[in-house]
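In what follows, a structure is listed as structure tokens, so that the remarks can point back to it.
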Amino acid sequence: MARVISCASVLLAALAMLETAPGRATAVVPDYVTRAIADPARPPEQVARDPQRQPGAVLAFAGVRPGDRVADFMSGGAYFTRLFSRIVGSTGHVYAFLPEEQLKNCAPEETAGTRALEHDGRYANVSVMTGPVGRFRPPEPLDLIWTSLSFHDLYDSFMGPADVPRVTQALFDALKPGGELLVIDHVAQAGSEVRDTDTLHRIDPEVIVRRAQAAGFRLEAHSEALRNPHDTHQLRVFDAAVRGQTDQVILKFRKPLAPASAAACNSSRDRHAGTRPAWL
């Protein structure tokens, strides 16, 4: 009897062959992204991380544009917040969100980069927001919500752990119809689910897909820009052997223009044990 494969698996396998297959042309980096990366106001220590974080490729994939309303969810050191500020310009706005749980339980230096923007006139189009992680409510509908290397933290003890379905629903509600959620995170071993979030700081990407789909998002695309086939997924992301070079997944989800039908595919319902998408 043939195995049942989820919609997420089918879509991602197709994307791997058609949109992001090795050898195909990558997205052209727009001039406004290039100018943002070249911004002389960026801290030197963040510029030094550009070869690892590949901001041109990932921001081009995200499709953020001048005039957009963007949230950097769990913005940390504000590496991407600063880039968003320059990209969206004076007609757009950026909301840098720091959860109260993170501020309470983590060292201040982890969020100092975002806090510094509150008093930096060069980033006047950035608003720093704080609040419980499950109550994220920006003051206007957003074009893009971005979360980088933080989704796995929602499952960790210092975050509560968070009520992840509530968080993903809050992200869905904060976007305008057609808006996008982009998630970057460290890849864990296949089938490990959330076993390694608190120890290795990694997550099985299938968990991200299921949680986003359960909130109403549609998986639209993924990027190979930060994949590393040499990462065994067995080391802590801070281990010197992999730090800055971990295998990272980039997933783009979209909030539908109209409510999804009851017959929409649900990967948590129809996946058989042992099936894996071709992109992992």
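The values are calculated or read from the model by the stated rules, or taken from the named source; none is laboratory data. Because the structure is a prediction, the values reported are computed rather than measured. Don't worry about glycine lacking a Cβ; one is built from the backbone with ideal geometry, like all the others, and counts go over all protein chains shown. Accessible surface areas use protein heavy atoms only, side chains included; no ligands, DNA or RNA. Shrake-Rupley method; radii C 1.70, N 1.55, O 1.52, S 1.80 Å.
Of note:
- Amide H contacts for GLY179 (H built 1.01 Å from N in the peptide plane; partners 5 or more residues away or on another chain; cut-off under 5 Å): LYS255.
- Rounded to whole numbers, the Karplus 3J(HN,Hα) couplings from phi for region 130-140 are 10, x, x, 4, x, 10, 5, 9, x, x, 8 Hz, using 6.51 cos²θ - 1.76 cosθ + 1.60 with θ = phi - 60°, and x at Gly and Pro.
- Rounded accessible area per residue of region 132-260, 1.4 Å, Å²: 40
- FRET efficiency estimate (nearest 0.05) - Cβ-Cβ, LYS176 to ASP120, R0 35 angstrom: 0.80
- Fraction of accessible area attributable to carbon and sulfur, region 77-207 (%, probe 1.4 Å): 50
- Three-way shape call for region 93-211 based on the alpha-carbon gyration tensor, with the a/c threshold at 1.5: oblate
- Here the Karplus relation 6.51 cos²θ - 1.76 cosθ + 1.60, evaluated at θ = phi - 60°, turns the backbone of region 160-173 into coupling constants of x, x, 6, 7, 4, x, 5, 5, 5, 5, 5, 5, 4, 5 Hz, with x for every Gly and Pro.
- Net charge contributed by nearby residues that have their C-beta within less than 13 Å of GLY179 (K/R +1, D/E -1): +1
- Charge tally for PHE80 (other residues, Cβ to Cβ under 10 Å; Lys, Arg +1; Asp, Glu -1): +1.
- Sequentially through region 111-119, phi angles give Karplus couplings (6.51, -1.76, 1.60; θ = phi - 60°) of 10, 4, x, 6, 4, 5, 5, 4, 10 Hz, Gly and Pro residues having no value and appearing as x.
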